[in-house]
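Down below is the structure, laid out as structure tokens.
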Amino acid sequence: MNFYILDQDPACIPVLQDLIETDFDNSLVGYSSDTISAYTEILQLRVDILFISFEQQLKDGIDFIGQLKGVHSNPRIIMTSNGSASIIKSRAYNSGVNLFIEKPLNLTEVRHLIRLISSAAKMTKKMRIINDISSSDANPFKASTTVTPASNGCS
């Protein structure tokens, strides 16, 4: 799975990177501390899972998610925040956040949640591939609609 981190706190990025890359199937494809460069990079990279902090300089993380959804970029989203106000959590989940984690990060919890969301993303990707194969016209097991009778010389 391809991960991207958008966080203002420079101390969080190496910690999250270590947690992400402990599983060899996961890789960190990019990180940023500002929403402008992150937006461009996320659209260019194939990001499966986005770690985003609620606290951003120009706009909050929820507004940034709305901007991504507006251009049909739909990575799985794990949001982190220093605060745990229920209104922030409600806004986050309503905007499409999959998981909400409060800082300071509990490393065991984050490692477990990374495994869970990675498994769900992999399963969704496999199901999409199976659906594409089974519903395509290129299915080699699909019966032909035009059958011509064999000629045996009798008329």
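The values are calculated or read from the model by the stated rules, or taken from the named source; none is laboratory data. Bear in mind the structure is a predicted one, so any value in this text is a computation, not a measurement. Note that we place each Cβ from the backbone using ideal geometry, even for glycine, and neighbour counts take in every protein chain shown.
Of the conditions (1) buried (at least 17 other Cβ atoms within 10 Å of the Cβ); (2) free of Cβ contacts under 8 Å to residues at least 40 places away in the same chain; (3) among the aliphatic types (A, V, I, L, M), Ile36 satisfies every one except a single condition; which number is it?
Condition (1) is where Ile36 drops out.
Listed here are the residues, each with its yes/no results for (1) within 20 Å of the chain's Cα centre (by Cα); (2) modelled with pLDDT of 95 or more.
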residue	(1), (2)
Val110	yes, yes
Ala121	yes, no
Lys126	yes, no
Asn131	yes, no
Ser134	no, no
Ala138	no, no
Val147	no, no
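Would you list the helices (runs of 4 or more DSSP H) that sit entirely within the stretch 1-82 and hold 2 or more residues that are out of contact with any Cys (no Cβ under 7 Å at 6 or more places or on another chain) and within 23 Å of Leu116 (Cβ to Cβ)?
Fully inside the stretch 1-82 and qualifying: 12-21, 61-70.
Search the stretch 9-33 for residues being crowded, with 17+ Cβ neighbours inside 10 Å and in contact (Cβ under 8 Å) with a residue 40 or more places away in the chain, and hand back the single one that is farthest from Thr80 (Cα to Cα).
Residue satisfying both the conditions and the ranking: Asn26.
Among the residues of the stretch 84-104, is there at least one that is touching a Cys at 6+ places or on another chain (Cβ under 9 Å), in a loop (DSSP other than H, G, I, E, B) and either at pLDDT below 90 or of a type in the set (D, E, K, R) (or both)?
Looking through the stretch 84-104, at least one residue is touching a Cys at 6+ places or on another chain (Cβ under 9 Å), in a loop (DSSP other than H, G, I, E, B) and either at pLDDT below 90 or of a type in the set (D, E, K, R) (or both).
Check off (1) out of contact with any helix residue (DSSP H, G or I) (no Cβ under 8 Å at 6 or more places or on another chain); (2) surrounded by 12 or more Cβ atoms within 10 Å (Cβ to Cβ); (3) of a type in the set (Ser, Thr, Tyr) for Ser136 and give me the number that stays unchecked.
(2)
Could you please find all residues in the stretch 65-85 being more than 13 Å from Phe54 (Cα to Cα), exposed (fewer than 14 other Cβ atoms within 10 Å of the Cβ) and small (Gly, Ala, Ser)?
Within the stretch 65-85, Gly70 is the sole residue that qualifies.
Sort out which residues of the stretch 46-58 are surrounded by 14 or more Cβ atoms within 10 Å (Cβ to Cβ) and closer than 16 Å to Asp7 by Cβ, and write them in order of number.
Of everything in the stretch 46-58, those that are surrounded by 14 or more Cβ atoms within 10 Å (Cβ to Cβ) and closer than 16 Å to Asp7 by Cβ turn out to be Val47, Ile49, Leu50, Phe51, Ile52, Ser53, Phe54, Glu55, Gln56.
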